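Read the structure below first, then the notes.
The values are calculated or read from the model by the stated rules, or taken from the named source; none is laboratory data. As the structure is a computational prediction, the values presented were derived from the model and not from experiment. Don't worry about glycine lacking a Cβ; one is built from the backbone with ideal geometry, like all the others, and counts go over all protein chains shown.
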Amino acid sequence: MKFSEIQTTLKSKKIGIAGAGGLGSNCAAALVRCGIGSLVIADFDLVEESNLNRQFYFSDQIGMAKVDALKENLLRINPRLVVSSHIINLNPEFIAKIFKDVDILVEAFDRADQKEMLIETAMEQWPERPLVVGSGMAGFGKTDSLSTKRYGELYICGDGKEEIGPENPPLAPRVGIVAHMQADIVLSILMSKRITE
């Protein structure tokens with residue numbers, strides 16, 4: 001399939017991304033580079049210097065809301081991209097409202113309790129809609145342990161083990177690989193549906 005054909009399919013698709021940190025910002029960039037036409041991004045955080053080791057931001061964006069900085073960066077890739085950005089700390093009510101009409105939802109939170117809350121909410125609200133999450137990407141090396149597991153419409157990317165901590169920080173290589181795995185799953189789902197329709 002030609003890239004132009006892929007772009008034609010993807011430009012009508014809308015993807016939700018919950019979290020604009022290492023996973024969310026890099027997944028968004030990968031999707032935009034492939035031709036996704038619309039993104040809905042939600043995060044409450046600001047860009048900090050400590051984010052620059054793994055997130056799709058730049059030093060002159062420190063202090064900006066992540067969703068605003070990310071929108072700015074994504075529009076530099078594709079000025080025709082439609083981005084709906086929300087500076088918000090997500091809870092079940094906001095998740096149901098903000099992501100109600102996306103084709104696929106990507107979970108990109110740091111904290112385990114937030115991940116669990118989003119997964120439970122999304123599976124309850126939209127059991128038939130794909131949900132792509134990241135779990136286990138801290139540290140470095142052992143990239144052969146990273147994989148994707150599918151449970152119905154839930155896709156989990158990572159190794160499921162390497163939790164982030166003071167002695168096991170998130171770093172660009174493994175975080176980036178998992179973010180790109182998430183983007184690849186999104187594309188695979190969208191393109192396989194096109195092929196079978």
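Tabulated data
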| read-out | value |
| --- | --- |
| Residue tally, condition of a type in the set (A, V, I, L, M, F, W, C) and touching a Phe, Trp or Tyr at 6+ places or on another chain (Cβ under 6 Å), over the range 1-39 | 1 |
| Members of the range 116-163 found to be over 19 Å from residue 105 (Cβ atoms), in contact with a Pro (Cβ under 7 Å, 6 or more places away or on another chain) and surrounded by 17 or more Cβ atoms within 10 Å (Cβ to Cβ), listed by number | 138 |
| Residue check, residue 109 surrounded by 15 or more Cβ atoms within 10 Å (Cβ to Cβ) and not in a strand (DSSP E or B) | yes |
| Residue count for the range 142-164, restricted to those that are part of a loop (DSSP other than H, G, I, E, B), acidic (Asp, Glu) and modelled with pLDDT under 95 | 3 |
| Residue within the range 91-100 that is surrounded by fewer than 15 Cβ atoms within 10 Å (Cβ to Cβ), closer than 24 Å to residue 53 by Cβ and among the basic types (Lys, Arg) present | no |
| Residues that are among the aliphatic types (A, V, I, L, M), surrounded by 18 or more Cβ atoms within 10 Å (Cβ to Cβ), part of a strand (DSSP E or B) and without any contact (Cβ under 8 Å) to a residue 60 or more places away in the chain, drawn from the range 29-55 | 39, 41, 42 |
| Hits in the range 56-92 (condition: of a type in the set (S, T, N, Q) and either touching a residue at least 60 places away in the same chain (Cβ under 8 Å) or touching an Asp or Glu at 6+ places or on another chain (Cβ under 9 Å) (or both)) | 59, 61, 85, 89 |
| Lone unmet requirement of (1) among the aliphatic types (A, V, I, L, M); (2) in a loop (DSSP other than H, G, I, E, B); (3) in contact (Cβ under 8 Å) with a residue 40 or more places away in the chain for residue 138 | (3) |
| Single residue of the range 58-80 satisfying the filter (touching a Ser or Thr at 6+ places or on another chain (Cβ under 7 Å) and not basic (Lys, Arg)) that is surrounded by the fewest Cβ atoms within 10 Å (Cβ to Cβ) | 68 |
| Residue check, residue 100 under 21 Å from residue 180 (Cα atoms) and not polar (S, T, N, Q) | no |
| Number of the condition not met by residue 110 [criteria: (1) modelled with pLDDT of 95 or more; (2) out of contact with any Lys or Arg (no Cβ under 8 Å at 6 or more places or on another chain); (3) not basic (Lys, Arg)] | (1) |
